[in-house]
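Worksheet: the structure to be examined is printed underneath.
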Amino acid sequence: MDGALDFVACGAYWWSFVDAHRVVDRWWQPRARGVDKWRRPVGRRTLRCAVTMPRTPDDYAADHPADHGAVHGAAARPVRVTGDVAPGTQIAHYRLLRFIARGGMGQVWEAFDEQLRTMVALKLVAPERLESEALRQVTREARAGGRLRHPNVVATLGFGVDGTRAWIAQELVPGAQTLADMLTELRHAGEAPRDHVRWTAELVARMGDALNAAHLAGVIHRDVKPANILIADDETPKLTDFGLAQLVDSSVVSREGELAGTLSYMSPEQVTAKRIGLDHRTDVFSLGVVLYELLTLRRPFEGDTTAQIAESVLYHEPPSPALLSPRCPGELAAICGKAMEKLARDRYATAAEFAADLRRHLADEPVHAQPPGVLRRGVKWCRRHPTWAAVLLLGTIALSTTSALGMHAWRTARALTATNRALVEQRDAAERSAYIALFTGAAAAFERGAAAEARAQFDA
């Protein structure tokens, strides 16, 4: 039946949007009515499906009368999808066409830019969220995104306030699927494809390029996570959502003690809410966490409560990805470990260095990251457990002191014993000498015939 999806393989997505002159669908090739082939990557898998689709906007309107207003710009029978907006609603020079998602700040719609005659993703801030903090956040996102022009960053095209609603117009990513959705599919599948490790290294390297471009522009993302990485239908990754970004040259920063970001992906300095000393290396740590999760299909820092997760980020050293995933090479595990060092100075100095090391691994060249040795692991353990380290240090000092005192006492006693033995030997020698002299004198007196004198010497 025209306009209906006829799935030949299981599971696929069909998303379409229309404007006043044509029907636009990223999977369609509307040259003729009938069956056409399209490909849709899901995770790292590709489904082939046969679809039957309308040929013209009039065909679409005939098969979907509920969307007639969105096709022709009329107000007849609007479909109220969510909130107080619906397909066909006009916001500034954008006409809403299709609801995409709802977030904490509001909604995201596919919209038609009537000035540039192109499709955009329009992020709408809910009217009830237009308090000063929310408006400041969306303004910060627009300004941060407006500084960036990079193929792996979702471009910001405009920002404004229309009546009681603020909006940000952004690049519409074809076939957008978040990396978080892809990870969910991989976990459900139970295993990753054979080329998953290489694909992961390439993706994270491109995200490193995107973050480096942001850092050079004076933007610290502060919320790098799979949900903020979009994967286009050609598998191009795009970094998005700069709502928590920190502009290096801005006077507006987070208050000390205020958490900004997603706890499981925060750096230790971000968890402790340090206002001073937080720099671009916090994004390097977060990207390292993303790499770890892609390699092992599990998060390195988990817990049942926020306090447990925070403690894990601050003090827990996750197992090496190579131990959890047999396909993970040791070099890639070392790269991941260096990016996730607890101290910022021990990580890669820039996201560009992180990406460069990943590309060395892909090119079978020696990487700069090295697995920690025994001494290094001991130092890291002491950093993670300062109390126990202090107890062990005090115990070691006490044991060493006791051992030293014991050794000194033993050596002193040994010396005294030797001295006493020498004195006894000297005394015995003196006594022997005196006896010999006495005997010699008595013998001489006896020889002279002085028996009384000899007897007197013996008696004395």
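Rule-based calculations on the coordinates, nothing more; no lab input. Quick caveat: nothing in here was measured; it's all calculated off a predicted structure. Counting neighbours? That spans all protein chains shown, and the Cβs are built from the backbone with ideal geometry, glycine included.
Where does segment 294-437 land on Rg/Rh, using Cα atoms and the Kirkwood Rh?
Checking Rg against Rh, the ratio lands at 1.46.
In vacuum, with every alpha carbon of segment 196-351 counted as one equal point scatterer, what does the Debye formula give for log10 I(q)/I(0) at q = 0.16, 0.18, 0.20 Å⁻¹? Two decimals, please.
-0.87, -1.11, -1.36
Net charge around ALA214, counting only other residues with Cβ within less than 9 Å of its Cβ (Lys, Arg = +1; Asp, Glu = -1)? The partial results should precede the final answer.
Values: positive: ARG147; negative: ASP283.
My count for the surroundings of ALA214 gives 0.
Quick one: compute a quarter of the convex hull surface over the Cα atoms of segment 85-236 and quote it in nm².
10.0
Charges on Cβ only, +1 for Lys and Arg, -1 for Asp and Glu, centred on the Cα centroid of segment 163-241; of ALA201, GLY190, THR240, which one is farthest towards the dipole's positive end?
Most positive-ward Cα: THR240.
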